[in-house]
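To start, the structure itself, in structure tokens.
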Amino acid sequence: MGMSVTISTAGEDDAEQILKLQYLCHQAEAELHGDYSIAPLTQSLAALRAELAGACVLVARLGQEVVGSVRATVDGEGTALLVGPIVHPRLQRHGLGGRLLAAVEEQLVAERSARRFRSVTGRRNEGGLRLSRRAGYERTATEQPVRGPGSVTLEKAADASRAAGGRAADFVTSA
């Protein structure tokens, strides 16, 4: 019998595991863009802890191991800026990223009055773009700086998350 992956609110003591997972998950994107100086690979533990203090942060656990995470903040106009989701490479392509995304969207609407969701990803991050499209996000901007990887901004209205099938109540899945 396999263990279940559970999604819950992150605690302060999850920061180190989230940082390690973030570093692992963004290696492929850095390689794809030929740029290992991207923010997820250079963020310090102290900076992550400070970011987590004011954000809505969820983790996916397999036993005691953090195997997925997503975080977001909501601005004064009700727009939530999402970071992630990130999922351990061995568990990718099994729906966990979609479940994390749906869970954080639901929590942001219920607890922080989010009216709109915004996500920024690397323009070559096909997995992230595919996940966002499946969740109902639409491309609103593309940025190609002179140096470094370009990015794509995707957005959707909060009420579109229910239409896209997002439901965070189903927090348990088999791994």
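The values are calculated or read from the model by the stated rules, or taken from the named source; none is laboratory data. This is a predicted model, so every value here is computed, not measured. All Cβ positions, glycine included, derive from the backbone under ideal geometry; neighbour counts span all protein chains shown.
Results, tabulated for the structure shown:
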| quantity | calculated |
| --- | --- |
| Answer residue from segment 45-57, given it is out of contact with any strand residue (DSSP E or B) (no Cβ under 8 Å at 6 or more places or on another chain) and of a type in the set (A, V, I, L, M, F, W, C) and is surrounded by the most Cβ atoms within 10 Å (Cβ to Cβ) among those | L48 |
| Only listed residue being farther than 21 Å from L32 by Cβ, within 12 Å of the chain's Cα centre (by Cα) and not hydroxyl-bearing (S, T, Y), chosen from R116, R112, R99 | R99 |
| Among residues of segment 6-27, those that are in contact (Cβ under 8 Å) with a residue 12 or more places away in the chain and over 16 Å from the mean Cα position of the chain (by Cα), counted | 2 |
| Counted residues, segment 1-51 - those being over 20 Å from G97 (Cα atoms) and touching a Phe, Trp or Tyr at 6+ places or on another chain (Cβ under 7 Å) | 0 |
| Strands (runs of 3 or more DSSP E) lying entirely in segment 84-175 (those with 2 or more residues that are modelled with pLDDT of 95 or more and surrounded by 13 or more Cβ atoms within 10 Å (Cβ to Cβ)) | 116-122, 151-157 |
| Close pairs from segment 78-96: first of a type in the set (S, T, N, Q), partner surrounded by 15 or more Cβ atoms within 10 Å (Cβ to Cβ), Cβ under 6 Å, at least 6 apart | T79/R116; T79/R118 |
| Number of the exception - T73 against (1) of a type outside the set (A, V, I, L, M); (2) at pLDDT below 95; (3) part of a strand (DSSP E or B) | (2) |
| Top-ranked residue of segment 1-44 - restricted to ones that are assigned to a loop (DSSP other than H, G, I, E, B) and surrounded by 18 or more Cβ atoms within 10 Å (Cβ to Cβ), ranked as modelled with the highest pLDDT | A10 |
